[in-house]
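*Asks:* This structure is in structure tokens; I'll ask about it shortly.
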Amino acid sequence: MSEFKQLALIGPTASGKSALAIKLAEQHSAYILSLDSLSIYKEIHIASAKPTLTERSGILHFGIDVIFPDEPFDVTTFVELYKKAKNKAIEDGKNLIIVGGTSFYLSTLINGISQLPQISEKSKKESNELLKDLKKAHKFLYNLDSEYIKSITENDRYRLEKMLNLYFETGMTPTQYFKNNPPTPTISEELPIYEIDVPRDLLRKRIIERTFKMVDEDLIDEVFYLEKNYTRLPNCMKSIGIKEVLHYLDGHYNKIKMREQIITHTAQLAKRQRTFNNSKFKNKISLPIEKLEELLLNQASINLNNFA
């Protein structure tokens, strides 16, 4: 157990994180934990760009194909997945590579989350009444706690519902509650974080290539199947790659416009990911993928005993 090592690999979407993580896991006898808000779903394979079973090379992955599209999850799901992955790695004498597709979850593992109260049916009923009008619900919360709620959009029903439940159950604003219930980190030991740094023009090229590949691999059929079996209500149906196809199916886009919109929205996501990573992970090592691969795979100094 004393030899267990772990590291995190982050970077914008389409930067090559999954492929590098698999190479690294093969060389350093590690399991992989994927922190990705779309790969966690079963039956969403193309839109999530998750590595296929063949691409996973027999490496045990956690955080992939965990729940169905109509099942809810939040950050606590990834906390439990991390604990499960770490315990399994230690039990099997393996290391752990955390691949931060959605770096918010990595930040939460490091910085912690507050324990939330059990929500009564009475509180849920009050919340649901307000949630009939999302704009009204957002305004209600904003008037209570503008500093906290300003980071939540009017259309983010999931987060609005959580904050309304919290308020009606405790009588405290989110700011007050989280001040009185400080977060507890899940990862308390030092965690090395490596970031793939991709020039914007190269990243855009990779995004374009991946988008064309997704469409060629029957992304439209996958979204049609998802809508037929799960409707458009689940949060995942609002994800990039899915929502644009739905617009295509509705006749609002032709196929060219659909691809353009996926590319644009993916590039915008990549920009937000860069900004988040730069603001949250101050001590990360950021290198182009070739140099990062050389550092982590080829240098003799990176071995089992100083993996971290």
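The values are calculated or read from the model by the stated rules, or taken from the named source; none is laboratory data. If you're wondering where the values come from, they're calculated on a predicted model, not measured in any experiment. Cβ placement follows ideal geometry from the backbone for every residue including glycine, while neighbour counts extend to all protein chains displayed.
*Asks:* Would you point out which residue out of Ile46, Ile98 is crowded, with 22+ Cβ neighbours inside 10 Å, modelled with pLDDT of 95 or more and assigned by TED's automatic domain parsing to the domain that holds Lys271?
*Replies:* Only one candidate qualifies: Ile98.
*Asks:* Oh, and also: Counting only residues that are surrounded by 24 or more Cβ atoms within 10 Å (Cβ to Cβ) and of a type in the set (Val, Ile, Thr), which one in region 1-33 is nearest to Ile90 (Cα to Cα)?
*Replies:* Ile32
*Asks:* Of the residues Glu91, Glu126, which is among the acidic types (Asp, Glu) and outside the structural domain of Ala47 (by TED's automatic domain parsing)?
*Replies:* The match here is Glu126.
*Asks:* Looking at (1) within 18 Å of the chain's Cα centre (by Cα); (2) outside any helix (DSSP H, G or I); (3) modelled with pLDDT under 95; (4) not basic (Lys, Arg), which one does Thr76 not meet, given that it meets all the others?
*Replies:* Result: Thr76 passes all but (2).
*Asks:* Is it fair to say Met163 is over 27 Å from Cys236 (Cβ atoms) and crowded, with 16+ Cβ neighbours inside 10 Å?
*Replies:* Criteria not met by Met163.
*Asks:* Note down all Cβ pairs under 6 Å where the first residue falls in region 189-208 and is in the same structural domain as Ile262 (by TED's automatic domain parsing), the second is among the hydroxyl-bearing types (Ser, Thr, Tyr) and outside any loop (DSSP other than H, G, I, E, B), and they're at least six residues apart or on different chains.
*Replies:* Glu195/Ser286; Asp197/Ser286; Ile207/Thr266
*Asks:* Suppose we filter Lys136, Lys84 for residues that are without any contact (Cβ under 8 Å) to a residue 24 or more places away in the chain, surrounded by fewer than 17 Cβ atoms within 10 Å (Cβ to Cβ), in contact with a Leu (Cβ under 8 Å, 6 or more places away or on another chain) and not in a strand (DSSP E or B); which single one remains?
*Replies:* Exactly one residue qualifies, and that residue is Lys136.
*Asks:* Another question, if that's okay. I'm checking my understanding of the structure. Among residues of region 256-285 that are in a helix (DSSP H, G or I) and among the β-branched types (Val, Ile, Thr), which one is surrounded by the fewest Cβ atoms within 10 Å (Cβ to Cβ)?
*Replies:* Ile256
*Asks:* Regarding region 45-66, can at least one residue be identified that is among the aliphatic types (A, V, I, L, M) and assigned to a helix (DSSP H, G or I)?
*Replies:* no
*Asks:* May I pose another question? Do we have Glu244 as over 19 Å from Leu20 (Cα atoms), among the charged types (D, E, K, R) and in contact with a helix residue (DSSP H, G or I) (Cβ under 6 Å, 6 or more places away or on another chain) here?
*Replies:* yes
*Asks:* Among the residues of region 233-255, write down those that are of a type in the set (A, V, I, L, M) and not in a loop (DSSP other than H, G, I, E, B).
*Replies:* Met237, Val245, Leu246, Leu249
*Asks:* Within region 114-133, how many residues turn out to be touching a helix residue (DSSP H, G or I) at 6+ places or on another chain (Cβ under 6 Å) and either aliphatic (A, V, I, L, M) or not in a loop (DSSP other than H, G, I, E, B) (or both)?
*Replies:* Residues flagged as touching a helix residue (DSSP H, G or I) at 6+ places or on another chain (Cβ under 6 Å) and either aliphatic (A, V, I, L, M) or not in a loop (DSSP other than H, G, I, E, B) (or both) within region 114-133 amount to 6.
*Asks:* Looking at region 228-257, I want the residues that are assigned by TED's automatic domain parsing to the domain that holds Lys42 and have a partner that is part of a loop (DSSP other than H, G, I, E, B) and basic (Lys, Arg) with Cβ atoms under 7 Å, at least 6 apart or on another chain. Which pairs are those?
*Replies:* So the pair list comes out as Leu246/Arg232.
*Asks:* Restricting to region 228-243, name every residue that is out of contact with any Lys or Arg (no Cβ under 8 Å at 6 or more places or on another chain), within 17 Å of Val215 (Cα to Cα) and not polar (S, T, N, Q).
*Replies:* Ile240, Gly241, Ile242, Lys243
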